[in-house]
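Input: a single structure, listed below in C-alpha cells.
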Number of protein chains: 2
Amino acid sequence: MNYPSKILEKAVDEMASLPGIGRRTALRLVLHMLSRPASQTENLAESLENLVHEIKFCEKCHMISDENVCHICSNPHRDTSVICVVEDVRDVMAIENTGQYRGLFHVLGGRISPIDGIGPAQLNIESLSKRIKEEEISEVIFALSSTMEGDTTSFYLYKILRDSGVKLSVIARGIGVGDELEYADEATLVRSIQNRIPYAESTLKG
Amino acid sequence: MNYPSKILEKAVDEMASLPGIGRRTALRLVLHMLSRPASQTENLAESLENLVHEIKFCEKCHMISDENVCHICSNPHRDTSVICVVEDVRDVMAIENTGQYRGLFHVLGGRISPIDGIGPAQLNIESLSKRIKEEEISEVIFALSSTMEGDTTSFYLYKILRDSGVKLSVIARGIGVGDELEYADEATLVRSIQNRIPYAESTLKG
C-alpha cells in the first residue's frame, strides 16, 4: 500500500507496532484522528508520554503505581501476612475488582517460558523470596494461569519457597461458576473431581 | 474497573476514545507500551502530534498530503480531464493501489447521511462544482459506496452536475471478480444482469 503522505505513513507504522493492530486498522484509527478535533489527539499523545515517563512500579510488589509504594502495599487495612503471586498487573486488577481479597500481591511480570526467552531471572522472583524472608508472611497463594507455563512457574516457586516455612497454596481449578459440566474440557473436569471439597465448606464459602 | 494509577487510567481513557477500541483492549495496549522500550511509545506519541499538526489536505482534491497540492494533482502525467469522486482518503489509496486509474480524484469527506447530521454542506461538493467550472474536465466518475447514503450522494451530485456538460458516470456494480454467483445477494445479482455489457467489451477490459 502506498501512502499519500510520509507523516500519515509514519503514524500508521507506529500505531501498527501495537499488538493486535494491523496496518489496515492503524490507518482507520489514524484517519479517525484526523477527522476529530486535534486537541483530542494531543491529549492522547500527551497521556502516552506521561505513561512511559511518569508511571512507577511499586518497589515492594511491582504493581503499577503513581507512588513508589502502591496503594495496596501502603493500605494499613490490608492483611500483610498473605501474598498473592500473579503474572501481571491485569491479574491484580481482576482480583481487586472482586473486592474479596484483603491480602497483598506480588507481580511476577510474566511466567517462565523458555520458548520466549523468559527464565526465572527475568521475573520478579528474587524480590519475592526477599519479602518472604523480611516481612512476616504466613501464606503465599499462587494465582497463575492454568497453562503449562503458569504451572511450571508455580512449581518453580514451590521448589524455592517450600523450605521457607510459609504456607504455599494455589487457587482452585475447576468448573467456572455458571458453567455447564458438559462443555467443560476433560482436564478441568478431572481436576474438579480430584480437588473436590466437603459440600458444607463450599456453601459456607459461596 | 478500578485502576491502580491515574496516569494509567488517563492513557486507557484516551486510547479507548479511538473507534473499535474498548477499555479492555486499551488496557492491553497501554500495558504493552509499558513493557517495551519507552522510546517506542515516545515515537508513537510524536508521530501522532505531527499527524494532527503537520498534515495538509490538498487544496484541489482534499486528499491527505504533505504539501499544499497532493502528489496526484501535481503529477504532470495524470489525465487531468477525468475526476473520480470518492468518499474518503482510503478510497483514493485503494484505487491508486490498482495502478490502473490515471485521472484525478476529488475526496468528498463522507457521504450525505441526514441521520448523522451530514448534509451536502458538510461535504466538499462546492469545490467539486468549482473545479468542473474552472478546469477542463470531460468526465466525472462517481465511485461512492453502494449503500443508500452513497447512492443518495451520487444522485445529489448528478442533479447538481447534469447541466455542466461533462460526462457523468458511475463505477460498475456487479458480482465481484472471483465471487461465486450463488453467494451473491439478490440486489447485486439484479444489478449485474441489468447492467450487462457486450461480452467482447468485457474481455477487452479484463
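Derivation of every value follows stated rules applied to the coordinates shown; laboratory data play no part. Keep in mind that what you see is a predicted model, and the values were worked out from it rather than measured. Positions of Cβ are generated from backbone atoms using ideal geometry, with glycine treated the same way; all protein chains shown enter the neighbour counts.
Numbers for the structure displayed
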read-out: Computed label-point distance, nm, for sites B:E46 and A:K133 using a 7 Å Cα→Cβ extension; value: 4.3 nm
read-out: Point-to-point label distance, A:E54-A:I193, nm (Cα→Cβ direction, 7 Å offset); value: 5.5 nm
read-out: Among B:T98, B:L29, B:N43 the positive-end extreme of the charge dipole of chain B (Cβ point charges); value: B:L29
read-out: Equivalent-ellipsoid semi-axes of the protein assembly as shown, from the Cα gyration tensor, Å, largest first; value: 58, 27, 18
read-out: For residues of A:55-68, the mean tally of beta carbons on other chains within 10 Å; value: 3
read-out: 10 Å Cβ neighbours from other chains, averaged over peptide A:10-20; value: 6
read-out: Candidates B:L189, B:L123, B:L34: whichever shows maximal mean-square fluctuation once chain B is modelled as a Gaussian network with Cα springs under 10 Å; value: B:L34
read-out: Chain B: relative contact order in percent, alpha carbon pairs under 8 Å with at least 6 residues between; value: 12 percent
read-out: Three-way shape label, region A:1-129, alpha-carbon gyration tensor, a/c 1.5; value: prolate
read-out: Protection-proxy order for peptides B:170-179, A:193-202, each taking the mean of Cβ atoms within 10 Å per residue, highest first; value: B:170-179, A:193-202
read-out: Cβ-Cβ FRET estimate between A:A172 and B:S39, R0 fixed at 35 Å, reported to 0.05; value: 0.25
read-out: Extension gain, B:R23 back to B:R90 (0.36 nm per residue minus Cα-Cα distance, nm); value: 21.5 nm
read-out: Gaussian network model of chain B, springs between alpha carbon atoms under 10 Å - residue of B:L44, B:L31, B:L128 with greatest fluctuation; value: B:L31
read-out: Fully extended contour minus Cα-Cα distance, from B:T152 to B:T98, at 0.36 nm per residue; value: 16.8 nm
read-out: Potential lengthening between B:Y183 and B:H71 on full extension [0.36 nm per residue; Cα-Cα distance subtracted]; value: 36.4 nm
read-out: Low-density loop cleavage sites - GluC sites (Glu not before Pro) in region B:150-192, where at most 11 other Cβ are within 10 Å (DSSP); value: B:E180
read-out: Under the Debye formula (equal points on every Cα, no solvent term), log10 I(q)/I(0) of region A:87-206 at q = 0.15, 0.17 Å⁻¹; value: -0.83, -1.05
read-out: Calculated FRET value between A:K6 and B:K6, using beta carbons and R₀ = 35 Å, to 0.05; value: 0.50
read-out: Cα-based equivalent ellipsoid, region A:6-54: semi-axes from gyration tensor eigenvalues, Å; value: 18, 15, 9
read-out: Charge dipole magnitude, Cβ of K and R +1, D and E -1 - region B:6-54, Cα centre, debye nearest 20; value: 400 debye
read-out: Between region B:88-124 and region A:175-200, the alpha-carbon center distance in angstrom; value: 56 Å
read-out: Pairwise centroid distance, computed over Cα atoms, of region B:1-42 with region A:1-49, Å; value: 15 Å
read-out: Phi to ³J(HN,Hα) by Karplus 6.51 cos²θ - 1.76 cosθ + 1.60 over region A:153-165, Hz, x for Gly, Pro; value: 5, 4, 5, 4, 5, 4, 4, 5, 9, 5, 9, 7, x
